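Colleague: One structure, as structure tokens, below. Some questions next.
The values are calculated or read from the model by the stated rules, or taken from the named source; none is laboratory data. Bear in mind that the values here come from a model prediction, so they are computed numbers and not experimental data. Cβ sites come from the backbone with ideal geometry, for glycine too, and all protein chains shown count toward neighbours. Calculation scope for accessible area: heavy atoms of the full protein, side chains included, ligands and nucleic acids excluded. Shrake-Rupley method; radii C 1.70, N 1.55, O 1.52, S 1.80 Å.
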Amino acid sequence: MLQHRTRLVSPRSSFYLLTNIDEHPEAFSIANSIITEHIEEAEDFLVHASEYEWIAQTPQSLSDLIAILDRFRSMHVTPWHESIGELNPSLVKHSLTQFAPTALLVGCWLQNVLRAPMAATPTGAMLAKIYKYQQQKFYEENNFVSEYQELHRLLAFTLPNVSSHSFADNPLFEESSFEVPLFLLSIGQFPRTYLAELLGVNLGWHFSGLNAVGPILVRKGRRCHSSTQDDTRIQYRDRIKSGCELALDAAIKTLAEQSNKDRATFFSRICVGALMITNIWKEWASSTDCRTSNYIATIKTDMIRILCQKAPHAIGYHGNRLIDGAQIDSLLSSENFSPTEILERLAKSKFIVAGKPEESLFYTNLVRWGGPMHMVFSPTELETISAWILTLSPVSEPHETGAPESCCTDNNPSLDGSTDGVMHLKSEFVRRSKENFRKHSVREIYHYLLNIEQYPEILPYAEQFAYNRLSRSMAALNCHIRPIPSQHYSPEILENWVSTQHREQVNAYQSLKGEPSITKEAFIDSSVQLAPLILIDGAWLQGMLTQNCIHSEYGRILFQILYEEAGEGDATRHHANIYRELLHEMGIKPPAIETREFIQWTRLLDSSFEIPVFWLSVSCFPRHFMPEILGLNLAVELAGVGGPYMQARDTLRHFKLPTLFVDIHLAADNISQGHTAKSLLAIRLYMDQVAVREGPHNLDSTWRRIWSGVRSTLPQPSLARLIAHKISARLRGKKVDELPRIFSG
């Protein structure tokens with residue numbers, strides 16, 4: 001890791017940075033420090049907790065750990081009261097809000113398990129299967145995240161995008177509600193480094209019942225909103241049981257793969273992972289329970305939040321009007337502002353009839369149509385105010401609840417806030433990255449990108465690498481090699497181009513008669529040169545598992561393509577492993593791709609690493625390079641369909657080599673329903689979204705970026721030709737297409 005000046009970071013800012021880590025790789029140090037701190041605490045706890053003495057004696061069994069997690073579920077999981085016969089809407093709403101930072105990141109601890117090279121391992125395949133399960137629908141029409149968001153909008157407020165400043169800075173979220181997702185986001189950055197702990201976290205999440213919290217909240221929230229009984233309980237139970245089975249299977253099989261010498265230590269680390277997530281959850285649940293255990297306290301807390309939000313905008317509108325003898329504007333001023341005092345005065349004022357909202361002037365006069373406060377409050381806020389009036393006793397003083405006022409402070413936390421994490425300064429991080437890695441060969445860059453958990457400082461250089469290649473591709477959009485088919489985007493033109501390209505590839509096929517034009521030795525050598533590329537098959541899409549991509553329509557399509565490339569949860573069907581088997585049949589046994597032995601393998605040419613490094617580089621920034629990734633994905637999926645794969649199959653058969661690798665690609669990449677068709681659909685959906693968000697006039701610039709991705713694997717013009725292209729365009733008064741940058745300088 002780079003060693004230089006650091007900056008203290010608040011939990012809210014850490015959350016923002018980690019949900020945008022593709023543009024803030026300097027936050028890797030925050031993630032690592034969060035994990036190591038929790039590991040140290042958990043290990044220390046295990047040493048002194050008699051309940052865990054069995055770990056040292058029975059490292060081969062997970063049953064005792066599962067039993068502990070099961071007991072935890074019955075004691076600590078739900079931060080609301082299941083025993084209450086009549087639903088308390090305020091409690092449910094509060095829990096729904098405080099769980100949102102975790103709910104909207106469901107599965108985030110597994111978001112990097114399909115990175116090459118982990119994707120090709122049995123454990124990676126099993127964890128990918130669990131991730132896919134977690135992203136599947138809890139309802140027939142909507143996935144869990146969209147259902148949660150819609151319900152929260154109906155009961156409370158519209159949740160901003162989870163990776164936005166508005167979300168992280170929202171004062172309605174308690175500070176403690178970021179602790180669980182911060183931990184899950186952090187460990188999700190290091191699936192290989194902390195594999196055992198990750199398996200433990202996964203076990204803890206499922207067997208302690210944490211995977212049921214979101215569905216239970218949704219079910220209770222729906223009942224609060226519609227006052228109807230929900231019939232999804234059996235469906236939830238079935239899905240929760242499936243998650244437990246998958247998590248346990250992954251832990252058992254990965255544990256069995258460990259050597260006898262390492263198995264006990266690995267098992268202990270699994271227990272540490274399970275303990276970490278349950279301890280963090282218990283702290284959050286206790287914190288939330290303290291705020292929701294008293295109904296009146298909850299209502300008052302909600303009222304204080306409403307006052308905190310409205311007060312800065314209400315000053316100056318009340319003139320000399322009084323409330324319980326005090327000027328309203330004076331009470332609202334920042335130097336005098338005390339929401340508890342305002343509530344007490346409002347409760348005693350002529351505007352409120354304790355226990356009777358329908359008779360209170362607040363409702364009969366102030367907020368009705370034509371009243372001075374009409375449309376100041378949302379319908380949900382009015383419901384909260386009504387509930388607060390109902391809690392006021394007409395014969396006694398309001399209950400003292402000690403509701404917190406901290407929500408009125410720190411509304412805009414900054415990087416220099418509290419000290420829960422440390423981060424390298426971004427400018428220094430970027431400078432050192434570009435300075436250090438430009439000296440390395442393309443082979444070494446390949447190694448660093450495959451081992452990004454140990455070398456996160458490679459990321460600014462990776463963006464520069466991708467930017468350089470894509471800029472050259474953009475400069476040659478009208479080149480005779482795969483030129484852009486139209487200067488203006490049209491889905492029909494794109495589909496026609498794909499159909500024409502496919503037909504040309506099919507028509508170019510000529511069945512092999514006699515000897516092939518290449519010797520067996522040359523054919524094997526060309527296959528070896530493809531190893532750095534094909535052994536990371538699908539890697540350009542490995543960023544699609546992040547929460548910023550997986551919940552979009554086009555993102556889910558691209559994830560499905562990647563999932564199928566990776567064998568759909570079966571490592572033996574991973575395309576890279578099938579290719580490795582083909583190489584073995586050729587008498588070639590390449591080293592593992594993540595090792596230095598692979599990049600030092602003398603059979604490989606330097607040029608064989610150029611395209612793989614580009615794939616890996618562009619994949620690190622899925623949102624930033626989404627247009628280019630969409631184009632690249634289409635080009636790769638279409639590349640061999642038809643003639644190229646059929647000719648390769650003939651040659652393989654001639655040399656008596658297995659044809660499974662080309663067979664599965666001929667089938668999977670078809671333009672009817674296969675990966676090529678899905679690639680087209682993803683582009684269309686993405687462009688539809690751009691048109692809605694930015695207007696149809698911006699489609700052409702995005703279209704050119706997509707086509708630069710389509711062309712990106714072709715031979716590109718030199719740097720000198722790129723500079724000449726830009727100078728020539730400016731001299732002719734034409735706009736030069738410039739790609740956006742994340743890391744300037």
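Colleague: Do you know which residues across the stretch 500-509 are part of a helix (DSSP H, G or I) and open to solvent by 60 Å² or more (accessible area, probe 1.4 Å)? Break it down into steps so the answer makes sense when it comes.
Modeller: Of all residues in the stretch 500-509, those part of a helix (DSSP H, G or I) come to 500-507.
Answer for the stretch 500-509, where residues must be part of a helix (DSSP H, G or I) and open to solvent by 60 Å² or more (accessible area, probe 1.4 Å): Thr500, Arg503, Glu504, Asn507.
Colleague: Let me ask another. Could you list all residues from the stretch 654-696 that are of a type in the set (D, E, K, R) and either touching a residue at least 24 places away in the same chain (Cβ under 8 Å) or not in a helix (DSSP H, G or I) (or both)? Walk me through how you get there before you give the answer.
Modeller: Of all residues in the stretch 654-696, those of a type in the set (D, E, K, R) come to 656, 663, 669, 678, 684, 688, 693-694.
Selection gives Lys656, Asp669, Lys678, Arg684.
Colleague: Could you list all residues from the stretch 564-576 that are crowded, with 20+ Cβ neighbours inside 10 Å and assigned to a helix (DSSP H, G or I)?
Modeller: Result: Glu565, His575, Ala576.
Colleague: Report, by residue number, each residue of the stretch 589-605 that is more than 21 Å from Tyr455 (Cα to Cα) and open to solvent by 30 Å² or more (accessible area, probe 1.4 Å).
Modeller: Residues satisfying the conditions are Lys589, Trp601, Thr602, Arg603, Leu605.
Colleague: Can I ask one more? If you take the residues in the stretch 697-716 that are not hydroxyl-bearing (Ser, Thr, Tyr) and not in a helix (DSSP H, G or I), which one is nearest to Leu477 (Cα to Cα)?
Modeller: First, pick out the residues of the stretch 697-716 that are not hydroxyl-bearing (Ser, Thr, Tyr): 697-700, 703-707, 709-711, 714-716.
Right, trim to not in a helix (DSSP H, G or I) and you get 711, 714-716.
On the way: Arg711: 8, Leu714: 11, Pro715: 12, Gln716: 11 Å.
Checked the stretch 697-716; the qualifying residue nearest to Leu477 (Cα to Cα) is Arg711.
Colleague: So Gly631 clears everything in (1) open to solvent by 30 Å² or more (accessible area, probe 1.4 Å); (2) in contact with a Phe, Trp or Tyr (Cβ under 8 Å, 6 or more places away or on another chain); (3) small (Gly, Ala, Ser); (4) over 20 Å from Leu449 (Cα atoms) except one condition, right? Which one?
Modeller: Condition (1) is where Gly631 drops out.
Results for (1) touching a helix residue (DSSP H, G or I) at 6+ places or on another chain (Cβ under 6 Å); (2) modelled with pLDDT of 80 or more; (3) open to solvent by less than 60 Å² (accessible area, probe 1.4 Å); (4) part of a helix (DSSP H, G or I), shown as yes or no for each residue.
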position	(1), (2), (3), (4)
Asn365	no, yes, no, yes
Arg368	no, yes, no, no
Gly371	yes, yes, yes, no
Phe377	no, yes, yes, no
Thr380	no, no, yes, yes
Glu383	no, no, no, yes
Ser386	yes, yes, yes, yes
Glu400	no, no, no, no
Pro404	no, no, yes, no
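Colleague: While we're on this one: Tell me the residue from Glu257, Glu197 that is open to solvent by 50 Å² or more (accessible area, probe 1.4 Å), modelled with pLDDT of 90 or more and in contact with a helix residue (DSSP H, G or I) (Cβ under 9 Å, 6 or more places away or on another chain), please. Step through it out loud before you land on a result.
Modeller: Values: Glu197 fails: open to solvent by 50 Å² or more (accessible area, probe 1.4 Å).
Of the residues listed, the single one that is open to solvent by 50 Å² or more (accessible area, probe 1.4 Å), modelled with pLDDT of 90 or more and in contact with a helix residue (DSSP H, G or I) (Cβ under 9 Å, 6 or more places away or on another chain) is Glu257.
Colleague: Criterion first (surrounded by 14 or more Cβ atoms within 10 Å (Cβ to Cβ), over 24 Å from Ile664 (Cα atoms) and either under 31 Å from the mean Cα position of the chain (by Cα) or of a type in the set (Asp, Glu) (or both)) does Ser433 satisfy it? Before the answer, list the steps.
Modeller: Working: surrounded by 14 or more Cβ atoms within 10 Å (Cβ to Cβ): yes; over 24 Å from Ile664 (Cα atoms): yes; either under 31 Å from the mean Cα position of the chain (by Cα) or of a type in the set (Asp, Glu) (or both): yes.
It is true that Ser433 is surrounded by 14 or more Cβ atoms within 10 Å (Cβ to Cβ), over 24 Å from Ile664 (Cα atoms) and either under 31 Å from the mean Cα position of the chain (by Cα) or of a type in the set (Asp, Glu) (or both).
Colleague: Now, a different point. Being on the phi < 0 side of the Ramachandran plot and not in a loop (DSSP other than H, G, I, E, B) is the requirement here; does Leu512 meet it?
Modeller: On the way: on the phi < 0 side of the Ramachandran plot: yes; not in a loop (DSSP other than H, G, I, E, B): no.
For Leu512, the condition - on the phi < 0 side of the Ramachandran plot and not in a loop (DSSP other than H, G, I, E, B) - is not met.
Colleague: Do we have any residue at all in the stretch 659-673 that's in contact with a His (Cβ under 9 Å, 6 or more places away or on another chain), open to solvent by less than 40 Å² (accessible area, probe 1.4 Å) and among the polar types (S, T, N, Q)?
Modeller: no
Colleague: Can you tell me which of Ile66, Ile21 is modelled with pLDDT of 90 or more, of a type in the set (Val, Ile, Thr) and not in a helix (DSSP H, G or I)? Working first, answer last.
Modeller: Numbers: Ile66 fails: not in a helix (DSSP H, G or I).
Result: Ile21 is the single residue among Ile66, Ile21 that is modelled with pLDDT of 90 or more, of a type in the set (Val, Ile, Thr) and not in a helix (DSSP H, G or I).
Colleague: Residue check: is Glu610 more than 22 Å from Asn496 (Cα to Cα), open to solvent by 40 Å² or more (accessible area, probe 1.4 Å) and modelled with pLDDT under 95?
Modeller: Numbers: more than 22 Å from Asn496 (Cα to Cα): yes; open to solvent by 40 Å² or more (accessible area, probe 1.4 Å): yes; modelled with pLDDT under 95: no.
So Glu610 does not fit the description; no.
Colleague: Please specify each residue of the stretch 41-63 satisfying the condition of being part of a loop (DSSP other than H, G, I, E, B), at pLDDT 85 or above and open to solvent by 30 Å² or more (accessible area, probe 1.4 Å).
Modeller: Residues of the stretch 41-63 part of a loop (DSSP other than H, G, I, E, B): 49, 53, 58-62.
Pick out the ones that are also at pLDDT 85 or above and you get 62.
Those that are part of a loop (DSSP other than H, G, I, E, B), at pLDDT 85 or above and open to solvent by 30 Å² or more (accessible area, probe 1.4 Å): none in the stretch 41-63.
Colleague: Does Phe157 qualify as being over 15 Å from the mean Cα position of the chain (by Cα), touching a residue at least 60 places away in the same chain (Cβ under 8 Å) and open to solvent by less than 10 Å² (accessible area, probe 1.4 Å)? Spell out the reasoning first.
Modeller: On the way: over 15 Å from the mean Cα position of the chain (by Cα): yes; touching a residue at least 60 places away in the same chain (Cβ under 8 Å): yes; open to solvent by less than 10 Å² (accessible area, probe 1.4 Å): no.
The answer is no for Phe157.
Colleague: May I pose another question? Mind checking which residues of the stretch 318-332 are open to solvent by 70 Å² or more (accessible area, probe 1.4 Å) and either outside any loop (DSSP other than H, G, I, E, B) or polar (S, T, N, Q) (or both)?
Modeller: Across the stretch 318-332, the qualifying residues are Asn320, Leu322, Gln327.
Colleague: Restricting to the stretch 639-662, name every residue that is out of contact with any Phe, Trp or Tyr (no Cβ under 9 Å at 6 or more places or on another chain), at pLDDT below 95 and over 15 Å from Ile534 (Cβ atoms).
Modeller: Within the stretch 639-662, just Val641 meets the criteria.
Colleague: Considering the stretch 497-550 alone, what residues qualify as being of a type in the set (Asp, Glu) and within 25 Å of Asn670 (Cα to Cα)? Quick ask: steps written out before the conclusion?
Modeller: If we filter the stretch 497-550 for residues that are of a type in the set (Asp, Glu), which is where we start, we get 504, 515, 521, 525, 537.
Glu504, Asp537 - these are the residues of the stretch 497-550 that are of a type in the set (Asp, Glu) and within 25 Å of Asn670 (Cα to Cα).
Colleague: Are any residues in the stretch 577-600 within 21 Å of Pro658 (Cα to Cα) and in a helix (DSSP H, G or I), and if so, which ones?
Modeller: Passing the criteria: Asn577, Ile578, Tyr579, Arg580, Glu581, Leu582, Leu583, His584, Glu585.
Colleague: Whether any residue in the stretch 480-488 is at pLDDT below 90, over 22 Å from Arg649 (Cα atoms) and open to solvent by 70 Å² or more (accessible area, probe 1.4 Å) is what I want to check. Quick ask: steps written out before the conclusion?
Modeller: Start the filter on the stretch 480-488 by keeping residues that are at pLDDT below 90, which leaves 480-481.
Then keep just the ones that are over 22 Å from Arg649 (Cα atoms); that gives 480-481.
Narrowing further to those that are open to solvent by 70 Å² or more (accessible area, probe 1.4 Å): 480.
Yes: one or more hits.
Colleague: Can you confirm whether the stretch 521-532 contains a residue that is out of contact with any Gly (no Cβ under 9 Å at 6 or more places or on another chain), part of a loop (DSSP other than H, G, I, E, B) and at pLDDT 95 or above? Let's see the steps before the verdict.
Modeller: Initially, the stretch 521-532 is screened for residues out of contact with any Gly (no Cβ under 9 Å at 6 or more places or on another chain), giving 521-523, 525-532.
Now restrict to residues that are part of a loop (DSSP other than H, G, I, E, B): 530.
Next, only the ones that are at pLDDT 95 or above stay: 530.
Yes, the stretch 521-532 contains at least one residue that is out of contact with any Gly (no Cβ under 9 Å at 6 or more places or on another chain), part of a loop (DSSP other than H, G, I, E, B) and at pLDDT 95 or above.
Colleague: Among the listed residues Ser286, Ser338, which satisfies the condition of being of a type outside the set (Val, Ile, Thr), within 30 Å of Glu179 (Cα to Cα), surrounded by fewer than 20 Cβ atoms within 10 Å (Cβ to Cβ) and at pLDDT below 85?
Modeller: On the way: Ser338 fails: at pLDDT below 85.
Exactly one of Ser286, Ser338 is of a type outside the set (Val, Ile, Thr), within 30 Å of Glu179 (Cα to Cα), surrounded by fewer than 20 Cβ atoms within 10 Å (Cβ to Cβ) and at pLDDT below 85, namely Ser286.
Colleague: I would also like to ask the following. If we keep just the residues of the stretch 212-226 that are open to solvent by 10 Å² or more (accessible area, probe 1.4 Å) and touching a helix residue (DSSP H, G or I) at 6+ places or on another chain (Cβ under 6 Å), which is nearest to Ser95 (Cα to Cα)?
Modeller: In the first step, residues of the stretch 212-226 are kept if they are open to solvent by 10 Å² or more (accessible area, probe 1.4 Å); the result is 212, 216, 219-220, 222-226.
From what's left, touching a helix residue (DSSP H, G or I) at 6+ places or on another chain (Cβ under 6 Å): 212, 220, 224-225.
Working: Ala212: 14, Lys220: 11, Cys224: 13, His225: 15 Å.
Ranking the qualifying residues of the stretch 212-226, first place goes to Lys220.
Residue-wise test of (1) in contact with a helix residue (DSSP H, G or I) (Cβ under 6 Å, 6 or more places away or on another chain); (2) closer than 23 Å to Thr254 by Cα; (3) at pLDDT 95 or above.
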site: Val113; (1), (2), (3): yes, yes, yes
site: Met118; (1), (2), (3): yes, yes, yes
site: Ala128; (1), (2), (3): no, yes, yes
site: Glu141; (1), (2), (3): no, no, no
site: Ser146; (1), (2), (3): no, no, no
site: Gln149; (1), (2), (3): no, no, no
site: Phe173; (1), (2), (3): no, no, no
site: Ile187; (1), (2), (3): yes, yes, yes
site: Asn202; (1), (2), (3): yes, yes, yes
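Colleague: When both residues are 6+ apart or on different chains and their Cβ atoms are under 6 Å apart, which pairs have a first residue that lies in the stretch 500-524 and is farther than 27 Å from Ile588 by Cβ and among the polar types (S, T, N, Q), and a second that is open to solvent by less than 50 Å² (accessible area, probe 1.4 Å) and outside any loop (DSSP other than H, G, I, E, B)?
Modeller: Partner pairs satisfying both residue conditions: Gln505/Gly643.
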